[in-house]
Amino acid sequence: MHGLVDPLLVSVLLFNLFILGTSRLQAVVNGSAIQGVLLGVLTLCVHQTLGFWAILFTLVAILIKAMLIPGMLLRALRDAAIRREVEPFIGFLPCLLLGALGTGAALVFAGTLPLAKEHAGSLLVPASLATVWTGFLILTTRRKAINQVVGYLLLENGIYIMGLTLVDAMPYMVEMGVLLDLFVGIFVMGIILNHISREFSSMDTARMSALKE
């Protein structure tokens, strides 16, 4: 199972770039859902043994990251009747280039860190840093609230991947803590999405500047 870790992480990085490069909101949500499935399987692969708790956390991760949260976002898309991110603060091609540069920088930077022997040749750390960078890009360059929720989700995915490096030292505790934070954060953002849609009939967070008047 450990042989699948790096291929799964490469797939996670590819979906980071896919999410950065598409304007279709449904594709963004679906991409984050597939990434959630990959991270769930990754959780199973990094454990030394396939015990009950490892399988349980895999199922919980897939349930939250690939089903529950994307389901909430797709429902919000249907209610708001929006399909695309039309005018991001930074265009999709520049964002894609920034994402690719950030991924390359993460690979180089991770090679300079004093990592444990078992993680020295792994993509866990660089994939974590690159995913956090992708989430930050989406949060700061997109106008639609749903895109920004996906950005937060990617930030949490990056933290989750980093937590998997500690699975031998603190098994299950890191994963449970991150999943709990993720669930609470997305729950709060779901409430915010509902209020934005109800007050402004739009998911464009730039319109929240009207609250100053």
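Just so it is clear, none of the values below were taken in a lab; they were calculated from the coordinates. Since the structure is predicted, the reported quantities are computational estimates derived from the model, not experimental observations.
If you find the alpha carbon centre of region 1-35 and of region 78-108, how far apart are they in angstrom?
Centre-to-centre (Cα) distance: 13 Å.
Pull up all non-local amide H partners of R84: gap of 5 or more, or a different chain, and H-to-H distance under 5 Å with H placed in the peptide plane.
Result for R84 returns L25.
Assuming a ≥ b ≥ c are the square roots of the Cα gyration tensor eigenvalues, decide whether region 41-173 counts as rounded (a/c under 1.5), prolate (otherwise, with a/b larger than b/c) or oblate.
oblate
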